[in-house]
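Take a look at the structure below.
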Amino acid sequence: MIESRVAADAWRREGAALPGPEEDFPPPLPRAVAAAIRSIVGERFFLEDPASLLAYACDGQTLICRPPRAVVLPATTEEVAAVVRLLYDAGIPYLPRGAGTGLSGGAVPLNGEVVLSLARMKRILHVDPVNRLAVVQPGVVNLRLSQAVASEGLYFAPDPSSQYACTVGGNVGENAGGAHCLKYGVTTNHVLALRVVLPDGEVVDLGGPPGTPGPDLVGLWTGSEGTLGIVTELTVRLLPLPEGRRTALAYFDTVDAASRTVADIMAAGIVPAALEMMDAVAIEGVERGKKPAGHPPDVEALLLIEVDGVEAGLDAEMERIVAVCRKNGVRSVKVAESEAERRLWWDNRKTAFAAMGAISPNYLVQDGVIPLSTLPDVLRRIRAIGEKYGLRIANVFHAGDGNLHPLILYDGRVPGEAERAEAAGLEALRVCVEVGGSITGEHGVGIEKREAMCFMFDPPELEAMRAVRAAFDPKGLLNAAKLIPTPGRCGEVKAAAWEG
Amino acid sequence: MAREIEAAEAEAGGRPGTDRAGRRSPGFPYPDPPQAPDYELCVHCGLCLDVCPTYLERGEELHSPRGRVFLIRQAAEGRLPLDAGLYEAVFQCLDCRACETACPSGVPVGRLIEAARGQVVRAMPSRGFRRFVEATLLRGLIPHPRRLDRAAALLRLYQRSGLARAARALRLTKLLPPPLRKLERALPAVRRSVRRRYPEALPALRPSAAARAEAAVAAAPRSGSEARPPVSLAAAASAPAAPPAFRPEFKRPKRVGVFTGCVMDVWYADVNEATVRVLRENGYDVVIPKDQRCCGALHVHAGDRETGKALARANLEAFLSRDVDAIVVNAAGCGAALKEYGHLLAEDPERERAEAFAEKVYDVSEFLVRFGFRPPTGRVEATVTYHEACHLAHAQGIREAPRALLRSIPGLRLVEMPEADHCCGSAGIYNLTHPEMAEALLRRKVANVPAEAEAVAMGNPGCMLQIASGLLEAGRRTEVVHTVALLDRAYRAETHGKEEAP
C-alpha cells in the first residue's frame, strides 16, 4: 500500500514507475498453472509476453500503473469459473477487467494480479421486449446494448460518458451513473439478476424478478468494484425510448447564476432527464477538442438541459425551464432545432474529459457528490482551491444530482505539479464531505480514492465492509488492493491530510 | 531508386533518438521517430476501443489503438525494447484511422503507428512472406513506373490469352499463397494504363456549372449584402441542383492534375478514365503528368519511410512543375498519403513545397462537391449501398461528398449498410500479410452489404478488390463499383439517351 504510493510518486517524478523489460515485472505464473489455464481457454487467449502485460498496466486512470502477471481472456462462465478455481487453489491474486475505461484504477493490477479480461464475452444472449429486459454477457459495450434494442423501442438507461466503449459488466462493478441518471437512476436501479463466479470458483445466480425475497445481493454486488466475485452474465432492465425530447443550451456570465438556475429548476419541481454544467475552463477544453460545438469563448458557464417523456407537455416544461434561466440572468438560451444539433451538444459534452488533453498535458478527474443547495458555495470553494494550488480546475458535471467532476489540470513533467494536483483533488473531496456529500458519485473508489474513504467512514464502518468482503473472499485474492483502506491506514491519512 | 534513398537519408540526416521538439526518446534510435507531443495527447480513456477492427476481433488491449499508443510511448521512453512485441502491436494495426474519428483528444494514431513501424523494421527486418511481398511489390515493382507498366501488360496478356482460364483449370493458381489466390479470382479485366495512354493535357468539354453560375450571378442585379455563404457540403448534399455560391477569395480551380495511382491505374484504369471524363464534363482542364509516381502510402505504412519520401519528392516535382490549381485523386489511400506529404517531409528541405502540394490535393468526390458539379440527367436504375473507405472517412473526414454524388444520380436508390465505416480488411498489403484478420473483417463487411443492393460503391481500389473477392467467395452477384464511375455512367446515359444497368 505505502509501497504503491512510493512507486506512484516515482512514476510521476521520473515517469518511470513502469518497469523496464528486464526488471520489476511480477514473476511469471508457475508453469503448471500457466499450462492449466492455457488448456482451459486456449493458447492464444493466455498472454504473458512483456508487451501484452504492459498494455494492461493501466485503465482509464494512469497515475498508478502496474503490469499484471498474466492476462487471460475467457469466453464463457465455465472458463471463468475454471480459471478462478485454479487461481484460488494456487493462492494467486487476480482481478476482472472490462474495457478498462474506469477512472479510479479498479482494473489496475497493483499487486501484479492475473487479469481476467471479459472483453471477449460480448454476446447479447436474450432480449425480452415484452418484459423489457435483456440477458447479456459482461463484455457487451453499453451503447451497443442500447443500439441493439432500439428497434424494439427500448434502451438501457445508464449512460456514462464512456458509454461508447465501457462495458455493462464494468457498469455494474462501478455502479455507473451518467448524464440521464438524474431522472432514471444509476446502474443499480437497472440490474435484475447476476450470474457470478465467486472467489473460489463457485457459480451462483443472484437476484431474479423484481420483488425476489431475501437480502438484496444484486444491490451488494453493484458497486463492489470487482472485489466480491466476477459477474459473467447479467439480466438488465430496459426502458422504453422516450416519445419526445427537448434539449436546451444556456450560456451564463457567472458560475453563480448558472448554479442558482440549477437549484431553481429542481426546486420548481421539474425533473429534467439531464442537467449538465460546464465552466469556462471546461468550455475552452471542449472547443479545442475534437467535437467543438461553437460555444462562445467568453461565457463563464453553460447548462445543457434535457427533458423527455410523453410528447404533450414537453414544450410547456421547456418553457418553464427557459423562464427560470431568464430569471437568473441567462445571456442566451437556445432549444435544439434538430436531432443533429442535439447530438452535437451531447457529443461535445460526453467527450469533455478526454478533450482536456487538448489544453493540458495531464489532468486528474475528481468525482464528488454534494447536496444541491450547496452548489454555488462549493463551486466557489473549489475555485479557491485551484487558486491556492496554482492549478486550473475545469468543472464538467451532472449538476442536477449534485455530482461534481472537477478536472484538475497539471503538467506531469513539472516537478511537484502532480502532487499538488492530487492534494487539490483531495481537498475538493474534503469540501464535498464537509457539506454532507460523498467522495464519489459514479467513478468508484478503486485505488484513487481508497484513502478518501477515511473521510467518510469510521473505523468500525470500514471494519464491517472488510467483514463482508472476507465472507466471500476469505483468502483475499480478488482485487484485494482496492476500495477499502487497510486497517490503520486511516489514522495516518487523517494525521497527514485531514487535520494537517 | 536506391541511390535516391541513400542521398535523401544523408541529406535529411535526422537526429537519431530525438524528436522534432528536440526531446530525447532513448528507445527509438533511428531518425524520424514517433513524436512525443503526438503520443502525449493520449489520456488513455479508451473511447477508441469499440471502433477498432482488430480490438473488436481479438479483444486484446495490445491490439487496440490505446494499447498501441501506450506501447509506443513505453518504447520511446526506453521501457520496452524494439522487439517482436512492439512489432506485433504496430503491424497488426490496419492503419484504418477509425480511432482518430473516435478520439476526443485528437491523437494522430496513424502517424504514430507509421513512425513506430519505421523504427521497428530497422531494428528487426521483416522475414518470410511479408519480406517477399515488401521486396517484390513495394520495392521491386511499385516505385518503378516502367516495371509496373510491363507487369500490367503481362497481367493483361495472362487474362486475355486464355492463360488465366487455363491456369485455373489446371489448378496452377493453387500454387499461389492463399491470400493471393483469392484476389486473383477477383481481379477485374486489366485495361491499359490511363497515365500511359492518355495525352498529358486534356481540355474541358464544356464550361463548368460553377462558371456558368458565376456568370449568371454577375449578370444579375446586386442585392444588398455582399457576403455570400461559403460552399458547404450540407448545402450541396441537400440541394445538388442549386448552383454553389462562392466567396470572393475562394479561388475556383481550372487546371486540374489527376493522380492516377498505381493499383488504380493497373487494375481499375476504367475508374481513371471515368474520373477524367467526369472532370472534363464539369469544365476542368485535365493534366496527367507522365512522370508521376506511386504515392508512397504502402511504403510509409510498411515502415519504409525513405522510399516513401523519395516517391513524395518525385510527385512534388511532377505536379508542381505543371502549375496545376488542384490535384485530384480517386483512391482514398493515395489521397490520404498525398495530403500528409507535409508531415512526411516535415524534416526535409522540401517541407514547404510538400505543404503547398498537400493543400492542393482533393479526393475526386470532395473536389466535385466542393467546387460544384453538374447533377446528371441520365438515369442509373439501381439500388446501391456505400462502403466508406477508411482513408476517405477516417483519414480525410470525407463522408457526405460521395453520398451527395450518388444521391444526385436520377434513378439511383442509396441504401445505407450497417458499419459502413468499418474496415474491409484490405488495408494496403495487409490482406497479404495478415490474411486471417483480413478474412474475418471481410466476412463481417460482406455480411453487412444489404441483400437488396445491386451494387456497392466506394472510393478506394484496395477495398474494391478486397470486397469483390469477398462477394465472389460468398457467391453474391453484387457489383463493386467506384463512386465516380457511377456518376460517369449517369453522364454517359444522357448522350446514349437510355438507362444503364450497373
Please count how many residues of the stretch B:175-197 are at pLDDT 80 or above and in contact with a Ser or Thr (Cβ under 9 Å, 6 or more places away or on another chain).
3
Would you mind finding the one in B:Glu114, B:Glu88, B:Glu100 that is among the acidic types (Asp, Glu), more than 30 Å from A:Glu284 (Cβ to Cβ) and within 14 Å of another protein chain (Cβ to nearest Cβ)?
B:Glu88
Out of the residues in the stretch A:74-93 that are surrounded by 24 or more Cβ atoms within 10 Å (Cβ to Cβ) and touching a helix residue (DSSP H, G or I) at 6+ places or on another chain (Cβ under 7 Å), state the one that is nearest to the other protein chains (Cβ to nearest Cβ).
A:Pro74
I'm trying to understand the selection: among the residues of the stretch A:137-169, which are without any contact (Cβ under 8 Å) to a residue 12 or more places away in the chain and in contact with a Gly (Cβ under 9 Å, 6 or more places away or on another chain)?
none
Determine whether B:Arg111 is assigned to a helix (DSSP H, G or I), within 21 Å of B:Leu47 (Cα to Cα) and under 21 Å from the mean Cα position of the chain (by Cα).
yes
Return the only residue of B:Gly22, B:Gly78 being within 9 Å of chain A (Cβ to nearest Cβ), part of a loop (DSSP other than H, G, I, E, B), farther than 22 Å from B:Ala312 by Cβ and at pLDDT below 90.
B:Gly78
Under 6 Å between Cβ atoms, at least 6 apart or on separate chains: pull out the pairs that start in the stretch B:117-130 with a residue that is on the phi < 0 side of the Ramachandran plot and end on any residue that is of a type in the set (A, V, I, L, M) and crowded, with 23+ Cβ neighbours inside 10 Å.
B:Arg117/B:Val90; B:Val120/B:Leu86
In the set A:Lys475, A:Lys482, A:Lys449, the lone residue that is over 28 Å from A:Asn403 (Cβ atoms) and in contact (Cβ under 8 Å) with a residue 12 or more places away in the chain is A:Lys475
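The rows are residues; the columns are (1) buried (at least 19 other Cβ atoms within 10 Å of the Cβ); (2) touching a Cys at 6+ places or on another chain (Cβ under 7 Å).
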{"position": "A:Glu284", "(1), (2)": "yes, no"}
{"position": "A:Gly294", "(1), (2)": "no, no"}
{"position": "A:Pro297", "(1), (2)": "no, no"}
{"position": "A:Leu304", "(1), (2)": "yes, no"}
{"position": "A:Glu311", "(1), (2)": "no, no"}
{"position": "A:Leu314", "(1), (2)": "no, no"}
{"position": "A:Val333", "(1), (2)": "yes, yes"}
{"position": "A:Arg343", "(1), (2)": "no, no"}
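Could you say which residue among B:Ala318, B:Ala297 is under 23 Å from B:Asp149 (Cα atoms), small (Gly, Ala, Ser) and surrounded by 23 or more Cβ atoms within 10 Å (Cβ to Cβ)?
From the options B:Ala318, B:Ala297, the qualifying one is B:Ala297.
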Within the stretch B:25-35, can you find the residues that are modelled with pLDDT of 90 or more, more than 27 Å from the chain's Cα centre (by Cα) and either buried (at least 22 other Cβ atoms within 10 Å of the Cβ) or within 14 Å of chain A (Cβ to nearest Cβ) (or both)?
B:Phe28
Restricting to the stretch A:47-71, give me the number of residues that are under 30 Å from A:Leu125 (Cβ atoms) and more than 11 Å from chain B (Cβ to nearest Cβ).
1
Against the conditions (1) more than 22 Å from the chain's Cα centre (by Cα); (2) within 12 Å of another protein chain (Cβ to nearest Cβ), where does A:Gly170 fall short? Just the number, please.
(1)
On the basis of being under 22 Å from B:Glu340 (Cβ atoms) and among the small types (Gly, Ala, Ser), does B:Ser105 make the cut?
yes
Only one of (1) away from every other protein chain (no Cβ under 11 Å); (2) over 29 Å from A:Val365 (Cβ atoms); (3) not in a loop (DSSP other than H, G, I, E, B) is not met by B:Glu57, so which one is it?
(1)
Would a scan of the stretch B:187-195 turn up a residue that is assigned to a helix (DSSP H, G or I), surrounded by 12 or more Cβ atoms within 10 Å (Cβ to Cβ) and among the hydroxyl-bearing types (Ser, Thr, Tyr)?
no
Mind listing just one residue for me: the one in the stretch A:245-281 that is touching a residue at least 40 places away in the same chain (Cβ under 8 Å) and assigned to a loop (DSSP other than H, G, I, E, B) and, of those, nearest to the chain's Cα centre (by Cα)?
A:Ala273
So is A:Ala134 within 14 Å of another protein chain (Cβ to nearest Cβ), crowded, with 24+ Cβ neighbours inside 10 Å, in contact (Cβ under 8 Å) with a residue 40 or more places away in the chain and within 28 Å of the chain's Cα centre (by Cα) or not?
no
Acidic (Asp, Glu), part of a loop (DSSP other than H, G, I, E, B) and either in contact with a Phe, Trp or Tyr (Cβ under 7 Å, 6 or more places away or on another chain) or within 22 Å of A:Val262 (Cβ to Cβ) (or both) - does that describe any residue in the stretch A:439-448?
yes
Cβ-Cβ under 7 Å pairs, at least 6 apart or on other chains, the stretch A:344-365 side touching a residue at least 60 places away in the same chain (Cβ under 8 Å), far side part of a helix (DSSP H, G or I) and among the β-branched types (Val, Ile, Thr):
A:Asn348/A:Val286; A:Ala352/A:Val286; A:Ala355/A:Val286
Are there any pairs, at least 6 apart or on different chains, whose C-beta atoms fall under 8 Å, with the first in the stretch A:109-122 and facing chain B (nearest Cβ under 9 Å) and within 15 Å of A:Arg195 (Cβ to Cβ) and the second buried (at least 24 other Cβ atoms within 10 Å of the Cβ) and modelled with pLDDT under 95, and if so, which?
none
From B:Glu340, B:Glu381, residue being surrounded by fewer than 20 Cβ atoms within 10 Å (Cβ to Cβ) and either more than 23 Å from B:Trp267 (Cβ to Cβ) or of a type in the set (Ser, Thr, Tyr) (or both)
B:Glu381
Regarding A:Arg349, is this residue over 19 Å from A:Ala424 (Cα atoms) and within 14 Å of chain B (Cβ to nearest Cβ)?
yes
Out of the residues in the stretch B:44-54 meeting the condition of being over 16 Å from A:Ser52 (Cα atoms) and more than 7 Å from every other protein chain (Cβ to nearest Cβ), tell me which one is farthest from the chain's Cα centre (by Cα).
B:Cys48
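The values are calculated or read from the model by the stated rules, or taken from the named source; none is laboratory data. None of the values given here were measured: they were computed from a predicted structure. Glycine also receives a Cβ, built like all others from the backbone with ideal geometry; neighbour counts cover every protein chain displayed.
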